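Please treat every number below as a calculation from the coordinates, not as lab data. Since this is a predicted model, take the numbers as computed values, not measurements. In this analysis, Cβ positions are derived from the backbone assuming ideal geometry, glycine residues included, and neighbour counts consider all displayed protein chains.
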Amino acid sequence: MGEIPTFLCAMTTMENLKLSFTGEYSNSLDQKHRLSIPAKFRKALEPINDRTFVITRGFDSCLILYPVTEWNQVEEQLSKLSSIRGQHRTFVRSIVRHATYLQYDSQGRIAIPDSLLKFASVKKDVSVIGMINKIELWAPELLDSQDSAANVTANDFEDLANEINF
């Protein structure tokens, strides 16, 4: 028996890597309000999700795309909140009432509901940002405004980075 060629070892290793959603992409909606999910993000979506995301409102003025498996974890956490406490109900309602399952088509496009586009002030152009386990969709001008308003420096993140041993 001989050695396994290096390129085959590298291919096997690459296939076993768990990809995450990272990076920023600029994209545009088509006339039917469809957005093409970047190929890198489609590749990072695990097959168990069956090309499906859940889209909902974000806490900022953006939209969030969750892979179905990640959304299941969100729902599990939300279900731990009390249905008796008003604040809990309102919080759960604010998240799930706008949640919509979307499966991307053969060209990698998802159709975004008009109500969500309006919430995020998305007209045509979209900034698509990988957030490790989910994706944010922003109107570019709102993202720029958010970045400017945050006025964050590296020192502002020092304690946070230290908390996670970055």
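Observations
- For the chain, size of Cβ-based charge dipole, Lys and Arg +1, Asp and Glu -1, in debye: 900 debye
- For the stretch 45-142, the square roots of the Cα gyration tensor eigenvalues, ordered a ≥ b ≥ c, give a/c of at least 1.5 with a/b no greater than b/c, which places it in the oblate category.
- Here each label is just a point 7 Å from Cα along the line to Cβ, and for T22 and D125 those points are 2.6 nm apart.
- Loop trypsin sites (Lys or Arg not before Pro), the stretch 20-88, which have at most 10 other Cβ atoms in a 10 Å radius of their Cβ (DSSP): K32, K80, R85
- Fewest neighbouring Cβ atoms within 10 Å first, the residues F166, F157 line up as F166, F157.
- Between helix 68-79 and the chain there is an angle of about 40 degrees, using the helix long axis and the longest principal axis of the Cα atoms.
- Within the shell of other residues whose beta carbon sits under 12 angstrom from the beta carbon of K32, the net charge comes to -1, with Lys and Arg scored +1 and Asp and Glu -1.
- The residue list P38, F53, F91 was ranked by how far each Cα lies along the charge dipole of the stretch 34-131 toward its positive end, using unit charges on Cβ atoms, and F91 comes out on top.
- 0 to 90° range, to nearest 10: angle between helix 140-150 axis and the chain longest Cα axis: 80 degrees
- Between R97 and L142, the simple spin-label model (points 7 angstrom out along Cα→Cβ) gives 1.7 nm.
- Panel order for S82, S145, by other beta carbons found within 10 Å of each beta carbon, from fewest to most: S82, S145.
- Sparse-neighbourhood loop sites, trypsin sites (Lys or Arg not before Pro) in the stretch 120-161 - DSSP loop, at most 15 other Cβ within 10 angstrom: K123, K124
- For K32, the lysines whose Cα falls under 27 Å of its own Cα, not counting residues fewer than eight places away in the same chain, are K40, K43, K118, K123, K124, K134.
- Helix 86-96 vs. the chain, principal-axis angle (Cα, 0 to 90°, nearest 10): 50 degrees
- Length available on full extension from H33 to R89: 0.36 nm per residue minus the Cα-Cα distance, which gives 17.1 nm.
- Inter-centroid distance (Cα atoms) of the stretch 110-166 relative to the stretch 52-73, Å: 13 Å
- If the chain linking N155 and K40 were pulled fully straight, counting 0.36 nm for each residue of separation and taking away their Cα-Cα distance, it would gain 38.3 nm.
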